[in-house]
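Here the structure is laid out as structure tokens; the discussion comes afterwards.
Each reported figure results from applying straightforward, stated rules to the coordinates on display, with no laboratory input. These numbers come from a predicted model, not from an experiment. Here the Cβ is made from the backbone with ideal geometry for all residues, glycine too, and neighbour counts use every protein chain on show.
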Amino acid sequence: MLVDSHCHLDFPDFAEDLDGIVSRARAAGIGRMVTISTRVRKLDQLLAITERYEDVYCSVGTHPHNADEEDGIASDELVALTEHPKVVALGEAGLDYFYDNGSPEAQARGFRAHIAAARTTGLPLVIHTREADEDCARILEEEAAKGAFRAVLHCYTGGRELALKAVSLGLYIGFTGILTFKKSETLRALAAELPADRILVETDSPYLAPGKFRGKRNEPAFVVEVAKVLAETRGVSFDEISRQTSENFFRLFSKVKA
Ligand SMILES: [Zn+2]
Ligand SMILES: [Zn+2]
């Protein structure tokens, strides 16, 4: 079994054929999917999807792109929203300095509020970090000093230093289709180096279709391609990477039924 630990099934790209998307994922051996929240105020749309499919779970959070729009949402409110049985994680929240969406201050405030909620609930935080290695590492360190929390740095594209720092703080690293791109040698070297019990696979679909599907709409079934390359990169079998990443997923996303 494989798990798609990060997709966006509520995005309009999937509206026409969601049943087909989910059945194709099941047929490809994807046992669980987590559809990741980008706006707390749109959680109802995600919950409606999780109610339709037993094997689909969701998170709750504010994507850094929407940090200004949802500035000031308190960690208490996030905590309360995680009481729903299908809400299994916080986020995605974090820092994105690549796009000019969301002021750095609002992003940092949101990031810290989500960390606080993760700490309180014990649920994992899905962290989005892009072109923000230094600030991300600093916030993670400061927040870890206040008390432990669990998290994954999803769709990892940052440097080696931040990844190793995150691992040393007990966090996980998630890999998408970017791992399969020709130019991603540095990322593959990092993926080969990380401890086996800290790696996850994901699609971040509808974005970032892997390998042979590049440029097309991505979907959860394609997480198979990410796992294939991760297995190759680490010199283990596809079955072994499936077993290991799924085990890691259920350890981290411990609210999801195994
Ligand atoms: Zn993201
Ligand atoms: Zn995402």
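How large is ³J(HN,Hα) for each residue in the range 129-144, as worked out from phi by the Karplus curve 6.51 cos²θ - 1.76 cosθ + 1.60 (θ = phi - 60°), to whole Hz, x for Gly and Pro?
Each residue's phi maps through the Karplus curve to give 9, 9, 6, 9, 3, 5, 5, 5, 4, 5, 5, 4, 5, 4, 6, 5 Hz.
If the cut-off is a Cα-Cα distance under 19 Å, which lysines reach Lys146, setting aside same-chain residues fewer than 8 apart in sequence?
Qualifying lysines at Cα under 19 Å: Lys165.
Any chance you could list the semi-axes, whole Å, largest first, of the equivalent ellipsoid that the Cα gyration tensor gives for the chain, using √(5λ)?
Equivalent ellipsoid of the chain: 25, 22, 17 Å, largest first.
Which of the lysines could a cross-linker bridge to Lys86, judged by Cα under 26 Å and excluding same-chain residues fewer than eight apart?
In chain and number order, the partners are Lys42, Lys255, Lys257.
Quick check: residue separation of Asp19 and Ser103 times 0.36 nm, minus the Cα distance between them. What number comes out in nm?
Separation in residues times 0.36 nm, less the Cα-Cα distance, equals 26.6 nm.
Which cross-chain or sequence-distant (5 or more) residues have an amide H under 5 Å from the amide H of Ala132, H modelled 1.01 Å from N in plane?
The list, which skips near neighbours in sequence, is Tyr97.
For the ranges 130-140, 5-15, 31-41, what's the packing order if you count other beta-carbon atoms within 10 Å of each residue, average per peptide, and put the highest first?
31-41, 5-15, 130-140
Magnitude of the Cβ-charge dipole of the range 2-252, K/R +1 and D/E -1, about the Cα centre, nearest 20 debye?
The dipole magnitude comes to about 720 debye.
Considering the chain as a Gaussian network with a 10 Å cut-off on Cα pairs, which listed residue, Leu125, Leu200, Leu164, attains the greatest mean-square fluctuation?
Maximum among the listed residues: Leu164.
Could you work out which residue, out of His84, His65, His154, moves most in a Gaussian network model of the chain, that is, has the largest mean-square fluctuation with Cα springs under 10 Å?
Fluctuation is largest for His84.
Loop-only check: which chymotrypsin sites (Phe, Trp or Tyr not before Pro) in the range 114-194 are DSSP coil with at most 13 other Cβ within 10 angstrom?
none
What ³J(HN,Hα) values, in whole Hz, does the Karplus curve 6.51 cos²θ - 1.76 cosθ + 1.60 give for the range 96-101 when θ = phi - 60°, with x put for Gly and Pro?
Rounded to whole hertz, the list is 9, 9, 7, 8, 8, 10.
Taking the Cα centre of each part, how many Å lie between the range 16-81 and the range 181-258?
Result: 20 Å between the Cα centres.
Per residue of the range 78-88, in order, report the coupling 6.51 cos²θ - 1.76 cosθ + 1.60 (Karplus, θ = phi - 60°) as ³J(HN,Hα) in whole Hz, putting x for Gly and Pro.
3J(HN,Hα) across the range 78-88, in whole Hz: 4, 4, 4, 5, 7, 5, 4, x, 8, 8, 10.
Enumerate the amide H contacts of Leu90 below 5 Å, restricted to partners 5 or more residues apart or on another chain; note that Pro and chain-start residues carry no placed amide H.
HN-HN under 5 Å from Leu90: Val60, Leu125, Val126.
Top mean-square fluctuation among Asp204, Asp100, Asp19, Gaussian network model of the chain, C-alpha springs under 10 Å?
It is Asp100.
List the lysines whose Cα lies under 16 Å from the Cα of Lys228, skipping any in the same chain that are fewer than 8 positions away.
Excluding near neighbours in sequence, the set is Lys182, Lys212.
Would you grab the residues whose amide H sits under 5 Å from the one on Arg32? Only those 5+ places off in sequence or on another chain, please, with H modelled 1.01 Å from N.
The answer is Asp4.
Computed FRET efficiency, Cβ-Cβ of His84 and Glu247, R0 22 Å: what is it to the nearest 0.05?
The computed FRET efficiency comes out at 0.30.
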